[in-house]
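The values are calculated or read from the model by the stated rules, or taken from the named source; none is laboratory data. Quick caveat: nothing in here was measured; it's all calculated off a predicted structure. Virtual Cβ from ideal backbone geometry, glycine too; neighbours counted across all protein chains shown.
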């Protein structure tokens, strides 16, 4: 099939738009090494700067290693953060796995979320009684956590994934 010059320009322009949109949809607002690198001061800044009043927290790869071991210092971190902001776990994992962690830390949760679908993110916002623009999603996956959050108008923080047994052994 032959394109004329105008058709080629239109195709190239559409391709450029799709590439730019895709970059934005998968690009987090902030990158950090691990979740416990976020401190109370950071949370207060997010509240002041963006009106953030809630966190949607991914579980596997964000707070849990493949062995189901929780990241070091998470107990202390979650206790500190819960005093300042609402938190809900949203995970693609099965309910029994998510429920165990959620109960341990007294957090609301949504399991089998089917991220990056919008439904679970919006359900979590509803559970917290917040508008999506007042929520930040913290997770380890650009294609599940970041994309799903961005599709709902939420801010995002991407952490390095814990989905490596090598990391756990350090």
Q) Is it the case that residue 106 is farther than 23 Å from residue 32 by Cβ and out of contact with any strand residue (DSSP E or B) (no Cβ under 8 Å at 6 or more places or on another chain)? A) yes
Q: State which residue pairs qualify: first residue at positive phi and in contact (Cβ under 8 Å) with a residue 24 or more places away in the chain and inside the range 57-70, second residue in a loop (DSSP other than H, G, I, E, B) and surrounded by fewer than 24 Cβ atoms within 10 Å (Cβ to Cβ) in any location, beta carbons under 6 Å apart, and separation of 6 or more residues or different chains.
A: 61/140; 61/161; 61/162; 61/163
Q: Take the range 112-129 and flag every residue that is closer than 15 Å to residue 53 by Cα, in a loop (DSSP other than H, G, I, E, B) and in contact with a helix residue (DSSP H, G or I) (Cβ under 8 Å, 6 or more places away or on another chain).
A: none
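Being modelled with pLDDT under 95, in a strand (DSSP E or B) and under 20 Å from residue 149 (Cβ atoms): is that true of residue 92 here? Full working, then the answer.
On the way: modelled with pLDDT under 95: yes; in a strand (DSSP E or B): no; under 20 Å from residue 149 (Cβ atoms): yes.
The answer is no for residue 92.
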Q | Output for the range 138-152, where each listed residue is part of a loop (DSSP other than H, G, I, E, B) and at pLDDT below 95 | A | 140, 141
(Q) Could you check the range 32-80 and list, in sequence order, the residues that are out of contact with any strand residue (DSSP E or B) (no Cβ under 7 Å at 6 or more places or on another chain) and in a strand (DSSP E or B)? (A) 60
